Amino acid sequence: MCIRDRSFYMAPEILMLFDEPPTITAYDGFAADVWSCGIIFFLMLTGGKVAPFAIPHLSDRWFKLLAEEGVLAHLEVRGIKEQVSAAACDLLSKVLVLEPSARLSPLQILEHPWFAMNGSASQQQPHQ
């Protein structure tokens, strides 16, 4: 089964199930869903013009940049960091984290300042 060509929004730990031999045998579905939501959020924030990477694997240079340097460096290198508010960058950096247990939970995401009731995300200033 060739999983690599199917979904760039797949959490990296799911792809690890298909390694030969598998690197892991189980994963946290909630954390994997948070990753996938983070990819969708990335696409929404950047206008969907560029996917963050082709596959969530270190063999993909864009994924490797995100994994090693973080999403902010990824946005900077792509030249799109200025498009994204500081709060949105912060949320992305806490969701697109390689270690599943280090990602925000769905509740923590909803409590993040980007979702604050005192202003919509579109009113926030771009990241400086």
- Could you work out how far helix 86-95 tilts from the main Cα principal axis of the chain, as a 0 to 90 degree angle to the nearest 10? 20
- Task: Send over the Kirkwood Rh of the stretch 3-63, from the inverse of the averaged 1/r over different Cα pairs, rounded to one decimal Å.
- Result: 12.1
- Tell me, in nm to one decimal, what length is gained between residue 73 and residue 102 on full extension, where the rule is 0.36 nm per residue of separation less the Cα-Cα distance? 8.6 nm
- Message: Let's test the formula: R0 of 41 Å, r as the Cβ-Cβ distance of residue 17 and residue 83. What FRET efficiency results, to the nearest 0.05?
- Response: 0.75
- Item | Accessible area expressed per residue, the chain, with surrounding protein chains retained (probe 1.4 Å, Å²) | 59
- Among trypsin sites (Lys or Arg not before Pro) in the stretch 25-108, those in a DSSP loop whose Cβ has at most 11 other Cβ atoms within 10 Å are 49
- In nm², the average projected area of the convex hull spanned by the Cα atoms of the chain is 8.0
- Query: Most mobile of 102, 116, 73 per a Gaussian network model of the chain (Cα springs, under 10 Å)?
  - Reply: 116
- Message: Tell me the volume per residue, in Å³, of the convex hull enclosing the alpha carbons of the stretch 46-114.
- Response: 92
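The values are calculated or read from the model by the stated rules, or taken from the named source; none is laboratory data. What you are looking at is a predicted structure, and each value in this text was computed from that prediction instead of being measured. Because the Cβ atoms are built from the backbone with ideal geometry, glycine has one as well, and the counts that use them run over all protein chains shown. With ligands, DNA and RNA removed, areas are computed over all heavy atoms of the protein, side chains included. Shrake-Rupley method; radii C 1.70, N 1.55, O 1.52, S 1.80 Å.
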